[in-house]
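Please treat every number below as a calculation from the coordinates, not as lab data. No experiment lies behind these values; they were computed from the predicted model shown. Backbone-built Cβ (ideal geometry, glycine too); neighbour counts: all protein chains shown.
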């Protein structure tokens with residue numbers, strides 16, 4: 001018995017004495033922190049390498065799409081003052097959410113072949129998707145600021161508060177990514193299904209249209225039960241209204257983000273042991 | 001000699017749905033109808049194995065005997081449903097051709113990506129960068145995107161990255177045919193160096209001659225169980241006899 005205890009401490013891996021999967025995953029992730037950086041680098045480099053404009057696309061792409069939407073919808077919602085900025089402030093946040101969650105699914109599928117051969121903390125795929133998304137999001141704030149200047153919207157000190165909504169949105173997106181990528185391991189068609197859902201979800205959230213056009217009967221379902229409503233609202237209040245979000249919005253947003261991340265992290269790491277079994 | 005791998009009563013059982021549910025929709029429909037039935041498949045059954053430091057262990061067995069599953073258990077990829085696995089030191093499996101590479105990145109960028117996937121820090125990789133490039137014989141190609149490489153070049157780069165750090169336990173799964181004769185000789189030299197420095201090597205193959213020439217000890221796996229464990233010549237003889245019948 002004594003001999004056993006002595007031996008145990010010398011082993012680097014013992015399948016019998018494992019920590020809670022959620023804790024183990026976190027500790028391993030710290031050891032593999034350079035991997036996350038490399039995965040982000042790979043995404044950024046691979047995406048822009050063969051284009052002449054390179055990283056500029058990060059700014060041009062949302063700009064182009066937003067221009068189209070702004071032209072189409074501004075005639076419809078001319079009662080909204082500074083509609084372009086109203087639209088953009090919500091759209092940058094939504095684009096980040098949709099892109100990162102979709103990328104997380106793609107990455108876990110890519111990683112699948114590796115995961116059967118070598119040990120990797122698997123949350124690194126979702127986390128690096130968020131990292132890449134954050135770079136894109138921050139870069140898309142530059143054209144947004146330019147548009148605000150051009151449209152004559154005042155840029156206030158509240159803009160400096162923007163890291164907080166970004167952080168909360170990233171936390172929420174990570175939680176959702178982890179849940180989705182777990183499902184994607186079991187069901188390859190999750191990606192197709194999710195793309196439809198995310199599209200519908202966008203139009204159900206007040207992004208292209210003002211909140212005020214929603215009839216009272218829909219408000220409860222589309223606003224108060226929609227986590228993205230609070231997170232988008234933080235962006236909008238900070239950028240479009242140039243004010244700090246209310247304490248209430250902040251609290252709800254923080255709560256939603258943290259709970260989603262906790263659920264996603266625990267669910268993912270508990271299921272992660274099974275991934276390699278799904279050959 | 002210290003044991004570096006200890007498996008005790010290890011059982012790996014795959015639980016697969018009777019029909020493969022390709023899609024989520026199908027699964028939900030079948031689940032609601034309570035139609036999901038599972039079939040169990042035991043890939044490893046009560047495996048007991050101890051491997052000591054510096055041993056070169058060959059694993060033989062037919063296709064589907066559980067060889068790859070055994071390696072997955074040892075490299076921490078698969079957690080057994082029963083039993084206990086203990087490992088001392090760093091396990092380094094040699095990845096199959098091009099796994100973990102990105103075609104658009106240059107060779108240099110891929111070294112950093114692949115090294116990070118194997119758990120090395122950026123600093124560790126930077127220290128070994130020149131050595132990796134030199135061993136892989138890539139020369140000026142190192143700054144070209146990987147999609148311009150030949151299969152041989154990719155194989156050399158992969159091998160070079162995986163073996164530049166001396167692993168405590170090296171896992172070779174049927175991949176010794178890397179590159180041309182000259183490069184294969186270099187690989188052999190590197191393997192022998194590892195062996196002399198005390199690396200434990202696990203070599204899996206269904207061709208017995210590979211095992212015979214390299215290993216000091218062999219294990220014969222059949223239907224997820226260890227049929228024989230002992231000196232290479234004995235085990236190989238038993239394995240050969242059984243395949244003739």
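Please state the relative contact order of the stretch B:37-120 as a whole percent: Cα pairs under 8 Å, 6+ residues apart?
Reported as a whole number, the value is 18 percent.
Counting DSSP beta bridges in chain B, what percent are antiparallel, to the nearest 5?
60 percent
Over the stretch A:153-265, one equal point on each Cα, no solvent: what is log10 I(q)/I(0) by the Debye formula at q = 0.18, 0.19 Å⁻¹?
-1.01, -1.09
For the modelled label position 7 Å from the Cα of residue B:63 along Cα-to-Cβ, which residues of the stretch B:222-245 have backbone nitrogen atoms closer than 18 Å?
Only B:222-224, B:243-244 pass the distance filter.
Which whole number in µm²/s is D for the stretch B:81-145 by Stokes-Einstein, with the Kirkwood Rh taken over Cα pairs at 4 °C and 1.567 mPa s?
Estimated diffusion coefficient is 96 µm²/s.
Each label point is 7 Å from the Cα along the Cα-to-Cβ direction; what then is the distance between the points at residue A:37 and residue A:274, in nm?
In this crude label model, residue A:37 to residue A:274 measures out at 3.6 nm.
With all pairs of different alpha carbon atoms counted, what Kirkwood hydrodynamic radius in Å does the protein assembly as shown show?
26.0 Å
When the Kirkwood radius is taken over all Cα pairs of chain A, what Stokes-Einstein diffusion coefficient follows at 4 °C and 1.567 mPa s, in µm²/s?
My calculation gives 63 µm²/s for D.
Angle between the Cα long axis of helix A:190-204 and the longest principal axis of chain A, 0 to 90 degrees, nearest 10?
Result, in degrees: 30.
What three numbers, in Å, describe the spread of the alpha carbons of the stretch B:110-245 along their principal axes, ordered from the longest?
53, 28, 26
Above 35 Å lies some portion of the pair distances; for chain B, what is it as a whole percent of all C-alpha pairs?
Above the 35 Å cut-off, chain B has 25 percent of its Cα pairs.
If you count, for every residue in B:103-115, the Cβ atoms of partner chains within 10 Å of its Cβ, what is the mean?
3
For residue B:242 and residue B:222 in one chain, what is 0.36 nm times their gap in residues minus the Cα-Cα distance, to one decimal in nm? Don't jump to the answer; show the numbers that get you there.
Numbers: separation 20, 0.36 × 20 = 7.20 nm, distance 1.05 nm.
Result for the pair: 6.2 nm of gain on full extension.
Normalised by the residues of the stretch B:196-244, what does the relative contact order come to in percent, with Cα pairs under 8 Å and at least six apart?
It rounds to 26 percent for the stretch B:196-244.
Give me the angle, in degrees from 0 to 90, between the Cα long axis of helix A:56-74 and the longest principal axis of the Cα atoms of chain A, rounded to the nearest 10.
On a 0 to 90 degree scale, this one is about 40.
Can you compute the equivalent ellipsoid semi-axes for the stretch B:172-245, i.e. the square root of 5 times each eigenvalue of the Cα gyration tensor, sorted largest first and rounded to whole Å?
25, 14, 10
As I understand it, the value is the acute angle between the Cα axis of helix A:247-275 and the longest principal axis of the Cα atoms of chain A; what does it come to in degrees, rounded to 10?
Helix A:247-275 sits at roughly 30 degrees to that axis.
Of the listed peptides A:117-124, A:184-191, what is their order by residue-averaged count of other C-beta atoms within 10 Å, with the highest listed first? Don't jump to the answer; show the numbers that get you there.
On the way: A:117-124: 22.9, A:184-191: 17.4.
Put in order of decreasing packing, that is A:117-124, A:184-191.
Counting partner chain Cβ atoms within 10 Å of every residue's Cβ in A:10-22, what's the average?
5
Bin width 5 Å, alpha-carbon pairs only: give the P(r) of the stretch A:1-160 as whole percents, running from 0 to the bin holding the largest distance.
Going from the shortest bin to the longest, the percentages are 1, 7, 13, 15, 13, 11, 10, 8, 6, 5, 3, 2, 2, 1, 1, 0.
Which order do peptides B:115-122, B:126-133 fall in by mean Cβ count within 10 Å, highest first?
B:115-122, B:126-133
Need one number: the % of Cα-Cα pairs in the stretch A:139-216 sitting beyond the 19 Å mark.
Of all Cα-Cα distances in the stretch A:139-216, 62 percent exceed 19 Å.
Based on a Kirkwood Rh over C-alpha pairs, give the Stokes-Einstein translational diffusion coefficient of the stretch A:56-136 at 25 °C and viscosity 0.890 mPa s in µm²/s.
166 µm²/s
Inside 10 Å of the C-beta atoms of A:108-119, what's the mean count of C-beta atoms belonging to other chains? Present the calculation step by step, with values, prior to reporting the outcome.
Working: counts 0, 0, 2, 2, 0, 4, 7, 1, 6, 14, 16, 9.
Shielding by partners across A:108-119 averages 5.
How high is the relative contact order of chain A, in percent, counting Cα pairs under 8 Å that sit 6 or more residues apart?
Once normalised by length, the contact order is 27 percent.
Restricting to the protein assembly as shown, what percent of DSSP beta bridges are antiparallel, rounded to 5?
In the protein assembly as shown, DSSP labels about 60 percent of beta bridges as antiparallel.
Determine the principal axes of the Cα atoms in the stretch A:88-177, then give the extent along each, sorted from largest to smallest and rounded to whole angstroms.
Cα spread of the stretch A:88-177 along its principal axes, largest to smallest: 56, 19, 16 Å.
How far apart, in nanometres, would the label points at residue B:53 and residue A:195 be if each is projected 7 angstrom from Cα along the Cα-to-Cβ direction?
Computed distance between label sites residue B:53 and residue A:195 equals 5.4 nm.
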